[in-house]
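What follows is a set of notes on a single structure, which appears directly below.
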Amino acid sequence: MVEKSASLASEAAAPAGSAGTGLGGTHFERGRQLAQRAHQIIPGGAHTYAKGDDQFPEQAPPFIVRGKGCHAWDLDGNEFIEYNMGLRAVTLGHAYEPVIRAAAEALPFGTNFTRPAPIEVECAERFLELIPTAQMVKYCKDGSTAVDAAVRLARAHTGRDKIAICGDHPFFSTSDWFIGTTGMPAGIPRWIRDATVRFRYNDLASVEAMFDAHPDQIACVILEAARTVEPAPGFLEGLKALCHRRGAVLVFDEMITGFRWHRSGAQHIYGVTPDLSAFGKAIANGFGVSAVAGTRELMELGGLKTSRERVFLLSTTHGAETHALAAAIATMKVYRDEDVTGHLHRQGRRLRDGISKIVAELKLEGYFDCIGRDCCLLFGTNDADRKPSQPMRTLFMQETIRRGVIAPALVVSYSHTDRDIDLTIEIVGEALAVYRKALEEGVGKYLQGRPVKPVFRPFA
Ligand SMILES: Cc1ncc(COP(=O)(O)O)c(C=O)c1O
């Protein structure tokens, strides 16, 4: 198995060679062959839906075998500037030297023992230095597990069952309490689906109404402190006050905002400390580490010093793998010593400004938009009637991939240099010229193959 993947990686080292930049490509034969094998043995052909074939144009690399910085190489030797790396987990860059060195140095000492390793304490201390708004922290592997842990603590603390989620935010957990609310709820009992209720972002009246509709039943209120829209003045403060007045726990999902908005989290930027928060993704630059953090009062319910009924708070076999924690410590050191999030904001701003200029030149306002905070840019694609359009999204991705940018979103990393951003702007400009023609002449004339589809849909 090892031999096989090593040989795939070296095959991919062959240079690409499309026009101009040497980036991009249109030949994906090896990738397609492997994709056929994958679909025979892995449902959906990928272990993560967001990476699946239905999320990308037909003219896209089916596999990526190697990454360095913000560049990635596919199985056919094509090179791309990559965005949204590792579903936004890889914030420093692929194979970031201090991080992989730390993980490699930990490996020869063993990864998992019958008692905790000292690195568990060091990693907790590092986290609490960076996130001083939390008093305790516990690690696990996936963001979903961390959010689930916050939910369990809140339910135990309040003695209530219902979970309130922000209906404007797309994802919180792979667990039944959240997936049951999506367009793909098969296999999840109705009573679990009914336990989750929604409120609107920046709309305290909707939160108040939700509490009124479910009196003394809501255990926690979960949201991202911000996503594509910034919090209205007073919203987060008001939300916290309302939660506490109604006896609910406030949980911030910092999976994306953590280590991207600011090294101390969105809770630092907006000056509102939640009772609990969940971190993951960027915390270890792509290694599997996530965390639930919060007040001592709540977190200690999972400890040995509580007089209240104990909560089974995160206890997983692989939760404290030493090399992953070493990667987390190294990543957090970079965040402590260097202005990573400043760079993410600067490069995102450079990208946004460059693209906005092209959008104006091509008169694409209302048809193609950069959305969200500079450090976490998404793009919106509309058709000729200015309605959200998956075919137009697919076309944009097809045309950028062809020229050397793979970007399901335009989320930058610490490794995106000025040159990477400027090349991307050039490539996006060429792609948007095709986009403009497709608006006028019909997308069918330019799109090769079927459009992408949303992950959460009931039928294939
Ligand atoms: C905001 C948010 N919360 C939670 C999660 C779940 O994290 P994981 O995929 O690590 O379980 C995600 C994943 O994309 C996310 O974006």
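Would you point out the residue of the range 235-251, among those that are open to solvent by less than 50 Å² (accessible area, probe 1.4 Å) and within 26 Å of the chain's Cα centre (by Cα), that is nearest to residue 156 (Cα to Cα)?
Once the filter is applied, the top-ranked residue is 249.
Kindly list, by first and then second residue, each pair from a residue in the range 398-421 that is without any contact (Cβ under 8 Å) to a residue 12 or more places away in the chain to a residue that is open to solvent by less than 10 Å² (accessible area, probe 1.4 Å) and of a type in the set (Asp, Glu), limited to pairs with Cβ atoms under 7 Å and residues at least 6 apart or on different chains.
Once the first residue is without any contact (Cβ under 8 Å) to a residue 12 or more places away in the chain and sits in the range 398-421, no partner that is open to solvent by less than 10 Å² (accessible area, probe 1.4 Å) and of a type in the set (Asp, Glu) comes close enough.
How many residues, within the range 52-101, are β-branched (Val, Ile, Thr), away from the ligand (no atom under 16 Å from the Cβ) and in contact with a strand residue (DSSP E or B) (Cβ under 9 Å, 6 or more places away or on another chain)? Quick ask: steps written out before the conclusion?
Within the range 52-101, the first condition is being β-branched (Val, Ile, Thr), and the residues that meet it are 64-65, 81, 90-91, 99-100.
Next, from what is left, pick out any that are away from the ligand (no atom under 16 Å from the Cβ): 64-65, 81, 99-100.
This time we only want the ones that are in contact with a strand residue (DSSP E or B) (Cβ under 9 Å, 6 or more places away or on another chain), so: 64-65, 81.
Number satisfying all stated conditions: 3.
I need the full set of residues from the range 382-391 which are buried (at least 17 other Cβ atoms within 10 Å of the Cβ) and out of contact with any Leu (no Cβ under 8 Å at 6 or more places or on another chain), in order please.
382, 389
For residue 361, work out the one condition from (1) within 23 Å of residue 282 (Cβ to Cβ); (2) surrounded by fewer than 17 Cβ atoms within 10 Å (Cβ to Cβ) it doesn't fulfil.
Looking at each condition in turn, residue 361 falls short on (1).
Condition first: in contact (Cβ under 8 Å) with a residue 24 or more places away in the chain and either open to solvent by 50 Å² or more (accessible area, probe 1.4 Å) or under 20 Å from residue 226 (Cα atoms) (or both). Now tell me which residues in the range 190-202 satisfy that.
Filtering the range 190-202 down to residues in contact (Cβ under 8 Å) with a residue 24 or more places away in the chain leaves 195-202.
Answer for the range 190-202, where residues must be in contact (Cβ under 8 Å) with a residue 24 or more places away in the chain and either open to solvent by 50 Å² or more (accessible area, probe 1.4 Å) or under 20 Å from residue 226 (Cα atoms) (or both): 197, 198, 199, 200, 201, 202.
Taking the range 434-450, which residues are in contact (Cβ under 8 Å) with a residue 12 or more places away in the chain and either touching a Phe, Trp or Tyr at 6+ places or on another chain (Cβ under 9 Å) or surrounded by 18 or more Cβ atoms within 10 Å (Cβ to Cβ) (or both)?
434, 435, 436, 438, 439, 443, 446, 447
Could you figure out which of (1) in the same structural domain as residue 396 (by TED's automatic domain parsing); (2) of a type in the set (D, E, K, R); (3) farther than 24 Å from residue 454 by Cβ; (4) within 24 Å of the chain's Cα centre (by Cα) isn't true of residue 76?
Here residue 76 clears every test but (4).
Look through 230, 254 and report the one residue that is of a type outside the set (A, V, I, L, M) and within 16 Å of the chain's Cα centre (by Cα). Before the answer, list the steps.
Details: 230 fails: within 16 Å of the chain's Cα centre (by Cα).
That would be 254, the only listed residue that is of a type outside the set (A, V, I, L, M) and within 16 Å of the chain's Cα centre (by Cα).
Tell me, yes or no, whether the range 91-111 has at least one residue that is closer than 28 Å to residue 378 by Cβ, open to solvent by 50 Å² or more (accessible area, probe 1.4 Å) and part of a helix (DSSP H, G or I).
Checked the range 91-111: no residue is closer than 28 Å to residue 378 by Cβ, open to solvent by 50 Å² or more (accessible area, probe 1.4 Å) and part of a helix (DSSP H, G or I).
Identify, from the list 431, 409, 460, the residue that is more than 23 Å from the chain's Cα centre (by Cα), open to solvent by less than 20 Å² (accessible area, probe 1.4 Å) and not charged (D, E, K, R).
Working: 409 fails: more than 23 Å from the chain's Cα centre (by Cα); 460 fails: open to solvent by less than 20 Å² (accessible area, probe 1.4 Å).
Exactly one residue qualifies, and that residue is 431.
Report, by residue number, each residue of the range 102-144 that is charged (D, E, K, R) and more than 16 Å from the ligand (Cβ to nearest atom).
Residues of the range 102-144 charged (D, E, K, R): 105, 115, 120, 122, 125-126, 129, 138, 141-142.
Listed by number, the residues that qualify are 105, 115, 120, 122, 125, 126, 129.
Quick check on this structure: which one of 207, 292, 197, 251 is within 14 Å of residue 166 (Cβ to Cβ), within 16 Å of the ligand (Cβ to nearest atom) and either in a helix (DSSP H, G or I) or β-branched (Val, Ile, Thr) (or both)?
On the way: 207 fails: within 16 Å of the ligand (Cβ to nearest atom); 292 fails: within 14 Å of residue 166 (Cβ to Cβ); 197 fails: within 16 Å of the ligand (Cβ to nearest atom).
Only one candidate passes the filter, namely 251.
Can you give me the number of residues within the range 162-194 that are among the charged types (D, E, K, R) and either within 22 Å of residue 246 (Cβ to Cβ) or within 15 Å of the ligand (Cβ to nearest atom) (or both)? Can you show your working first?
First, the residues of the range 162-194 that are among the charged types (D, E, K, R): 162, 168, 176, 190, 193-194.
This time we only want the ones that are either within 22 Å of residue 246 (Cβ to Cβ) or within 15 Å of the ligand (Cβ to nearest atom) (or both), so: 162, 168, 176, 194.
Residues that pass the stated criteria total 4.
Identify the residue in the range 52-76 that is among the aliphatic types (A, V, I, L, M) and under 23 Å from residue 390 (Cβ atoms) and, among all such residues, is most open to solvent (accessible area, probe 1.4 Å).
We begin by selecting, within the range 52-76, every residue among the aliphatic types (A, V, I, L, M); these are 60, 64-65, 72, 75.
Checking which are under 23 Å from residue 390 (Cβ atoms) leaves us with 60, 64.
On the way: 60: 6, 64: 78 Å².
Out of the qualifying residues, it is 64.
Looking at 245, 227, 310 in this structure, which one is outside the structural domain of residue 378 (by TED's automatic domain parsing) and within 16 Å of the ligand (Cβ to nearest atom)? Spell out the reasoning first.
Working: 245 fails: within 16 Å of the ligand (Cβ to nearest atom); 310 fails: within 16 Å of the ligand (Cβ to nearest atom).
After applying the criteria, what remains is 227.
Considering the range 150-178 alone, what residues qualify as being crowded, with 22+ Cβ neighbours inside 10 Å, closer than 28 Å to residue 454 by Cβ and among the small types (Gly, Ala, Ser)?
Within the range 150-178, 150, 164, 173 qualify.
Which residues, counting only those in the range 171-184, are outside any helix (DSSP H, G or I) and without any contact (Cβ under 8 Å) to a residue 40 or more places away in the chain?
Here is the first cut: in the range 171-184, the ones outside any helix (DSSP H, G or I) are 171-175, 180-184.
Selection gives 171, 173, 174, 175, 180, 181.
Can you go through 232, 226, 219 and tell me which one is open to solvent by 10 Å² or more (accessible area, probe 1.4 Å), at pLDDT 95 or above and not charged (D, E, K, R)?
Only one candidate passes the filter, namely 232.
The values are calculated or read from the model by the stated rules, or taken from the named source; none is laboratory data. On a predicted model such as this, the values are computed, not experimentally measured, just so you know. Ideal geometry is used to build each Cβ from the backbone, glycine not excepted, and the neighbour counts take in all protein chains shown. Surface accessibility is based on the protein's heavy atoms, side chains included, excluding ligands, DNA and RNA. Shrake-Rupley method; radii C 1.70, N 1.55, O 1.52, S 1.80 Å.
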